[in-house]
Structures are given as structure tokens and as C-alpha cells.
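*Asks:* After the C-alpha cells below, expect a handful of questions from me.
Read-outs throughout are calculated quantities, based only on the coordinates presented, and are distinct from any laboratory measurement. Every value quoted in this text rests on a predicted model; they were computed, and no experiment measured them. Neighbour counts run over all protein chains shown; Cβ positions are idealised from the backbone, glycine included.
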Amino acid sequence: MAVLNVDLGSRSYPIYVGPGLLSQKDLFRNHISAKEVAVVTDDNVAAIYLDDLLISLSGFSVTCHVLPSGEEYKTLETLGTLFDTMIAEPCSRETTLIALGGGVVGDIAGFAAACYQRGIRFIQIPTTLLAQVDSAVGGKTAVNHPLGKNMIGAFYQPACVIADTQTLSTLDRRQLSAGIAEVVKYGAIRDPAFFQWLEQNMEALCRCDNSATEHAILECCRNKAELVAADEEERAERTLLNLGHTFGHAIESATGYGQWLHGEAVAAGMVLAAQMSCCLGWLAAAELDRIRELLVRAGLPVSPPKDISVETFLSHMSRDKKVADKRIRLVLLEGIGRARLVADYPDETLTEVLAAAVA
């Protein structure tokens, strides 16, 4: 088991990465402060891993709530059903909430923990690659609104993150590829050596080779922990983690949540951001090709759906959380491993990039 730390002063917490962590009872006991536990999972994950977790939680008073699986259920209505269960139990302020699942489960459970009785302790147990490398780390919690992704949420840090790499063995190829999109992002924004490693090891990562997967998770978590420690509430440097996300969130909301997986939309969004960077003369065409090729090797889409108009794209992008003074701010690249947040680009360049992509 490898351990990384997210350094946030009194709210610092460890990230545990390794195989078989779901069965390590002491790991849970070290981070649960009282006898009450509420487990939140979805119907897919519950069928595979809930019993294993409950064995590790023997001796605690456990309440379970199973959500329907899928991004389309990441809503205030679904969050309300979790609150219904917790209040009916009733769960007290001493309850530790445990999120067992992918990004949707983690985001809903984390937001619930931030809100329930004004805040309770929670633990992230991510079971997808995307959640283990990205969404479970950093304390961003939210639900979607029909007009925009993750528009309703809070920054709320977990007590720990327990990433059991054995859970990745049950992912289908599409879900695994979606997670790899976020892995590629870290190399593209700030870690050129890691990007090069991905170019050399993409096939191993795609077949979920244990050594390659654990290395990728640790490198991504190390990068994210550094960014979160420097800028917890995404006011400055942490915004770079949104490479491709402004475009990607527009794809997700325009097509209907769940039609495109988050990682798929981010992959297409990263290529759009790289193309715009290239049009502005900041990114070499050869580096654009490297990014596109790596995503293709991961089995990811590199262009948006053709039935989204430029106007629809811009409408959804205008609701992005990075918008300031009614200006869409974008994370763009000055090279592989060098990103920055940009607001002073020519509007016609963005329009031209989108028009070419959906033509």
C-alpha cells in the first residue's frame, strides 16, 4: 500500500492506494470516529463490493443507501432520497458517511456530507479509475442542473481516500478509457515526463496492468494533491485541472447527462483546447498530434458530436463556473506540460475552432 498526503493544515488527509484495501478493517477503524456509519453506493457497485465493505465495517451501526447508477441521476432529487434515508434512520452528527463507487457516488455523498446537519465526516472509496485519479481527491462535491454540470455543490474534504486498485478489474473498457482521459490531462497540464511515460505505457494501462495502473494513480494523485494544497478552492492554479472541461461539460449537458461519459467528453474537450492553443500559435502542431494520438490509443473520442451547433456549444460554455465578467475563460496549452487560464483570446478563434469541429 502506498500513501500520499493532501496537505491542508488541520484538514489534511491521506490517500491510500493499493490492492485489497477494502478488506483492511483497521484502515477504516482509523478514520471512523464513532459507531454510526452510512454507506452510499450505486446499484452496480453494490452488487459487487458492498458485502466486502460491510464485512470490514462489522461492529459499526451501518445504514446503507443505494443510488441508481449513471450521471443522469446526479441530481438534487437523488440527493434528496439520500437525505430521506439519513433523517429517517436517524443519522446523527457523529455519523461517518462512506462513498463507495465512482465519481457520481462520490460527488453526491460528499455534497450530502457537507450539508447534513451542517457537516459530517466522510470517507471516499473510489471504485473507478476516473474517481481514483481525480474526482475522489480534492473535496469538490456537487450535483448537476439541467442547464449546467456540477453547478450546485461545495468544497468539502474527506477524512481519507481509500483507492483499492483491485476494484478496477471489474470496469468495462469504456469506463476504463474514460478514466484514462483524466490521467492524460495531468501530463498535458503540468507533467511532461508523465505524459511521455503514458506514451510508452498506454497499452499496459488499457489492459489494467497492475504496475502501470498503480503508477498512474499515484502520479495523478501526487499532482492533484500539490494543486489542491496550493489552491483548495480553485481560485488560481487549481483551475488548470479543468483542461478540456469547459468544452466537455458543454458536451455532457447538451447531449443529455449520461450519453457521453465524463471522461469521453473531457477527451474531446482536451483536443478542442489543444486545437485552439495551436490556432493561437501557442502549441506546436506536433504536440497537438501527440495529444490526439494518445487519446485515440486509449479508445477515446477526439471530436465532439456533430449535432451540437456552435451556438449551443457557446450557450452551455457561458454557464461554466470559470466564467468571470461574462467572459468564458479557458485552460489552454503553451506546450505539453504547460497550461494557463486564458480570457483574452479572440472570440472568432473560439468560434472557428468549434465550427470546424462540428462541421
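*Asks:* Shape verdict for the chain, please, from the Cα gyration tensor: rounded (a/c under 1.5), prolate (a/b greater than b/c) or oblate.
*Replies:* Here the chain falls in the prolate category.
*Asks:* Sticking with this structure for a sec: Loop only by DSSP, 13 or fewer other Cβ within 10 Å of the Cβ. Give me the trypsin sites (Lys or Arg not before Pro) in segment 277-359 that pass, ordered by residue number.
*Replies:* Sites meeting the loop and neighbour criteria: LYS306, LYS326.
*Asks:* Mind running the shape call on segment 67-106? Use the C-alpha gyration tensor, a ≥ b ≥ c as the square roots of the eigenvalues: rounded below 1.5 for a/c, prolate if a/b tops b/c, oblate otherwise.
*Replies:* In terms of gyration-tensor shape, oblate.
*Asks:* Under the rule a/c < 1.5 gives rounded, and otherwise a/b versus b/c splits prolate from oblate, where does segment 1-135 land using the Cα gyration tensor?
*Replies:* rounded
*Asks:* Still on this structure: With 10 angstrom as the radius, rank SER56, SER12 by how many other C-beta atoms surround their C-beta, starting from the fewest.
*Replies:* SER12, SER56
*Asks:* Report, in debye and to the nearest 20, how large the dipole of the chain comes out about its Cα centre when Lys and Arg carry +1 and Asp and Glu carry -1 on their Cβ.
*Replies:* 500
*Asks:* Normalising by the residue count of segment 295-359, find the relative contact order in percent from Cα pairs under 8 Å and 6+ residues apart.
*Replies:* Relative contact order of segment 295-359: 36 percent.
*Asks:* Determine the alpha carbon to alpha carbon distance for each of LYS74/LYS306; LYS149/LYS185; LYS74/LYS224; LYS25/LYS74; LYS185/LYS306 and list only those over 28 Å.
*Replies:* Going by Cα-Cα distance, LYS25/LYS74 fall outside the 28 Å limit.
*Asks:* Would you mind calculating the relative contact order of segment 173-358 from Cα pairs under 8 angstrom and at least 6 residues apart, reporting the percent as a whole number?
*Replies:* With pairs under 8 Å counted, the relative contact order is 28 percent.
*Asks:* Next up: How would you rank SER169, SER135, SER318, SER10, going from fewest to most other Cβ atoms within 10 Å of each one's own Cβ?
*Replies:* So the ranking, lowest neighbour count to highest, is SER10, SER169, SER318, SER135.
*Asks:* For segment 1-103, what is the charge dipole size about the Cα centre, in debye to the nearest 20, if Lys and Arg each add +1 at the Cβ and Asp and Glu each add -1 at the Cβ?
*Replies:* For segment 1-103, the charge dipole is close to 440 debye.
*Asks:* Taking the mean number of other Cβ atoms within 10 Å as a proxy for protection, how do you rank 144-155, 102-113 from highest to lowest?
*Replies:* 102-113, 144-155
*Asks:* Over the chain, what is the relative contact order in percent, taking alpha-carbon pairs closer than 8 angstrom and at least six residues apart?
*Replies:* Relative contact order comes out at 16 percent.
*Asks:* Helix 76-88: angle to the longest alpha-carbon principal axis of the chain, degrees 0 to 90, nearest 10?
*Replies:* Rounded to the nearest ten degrees, it is 10.
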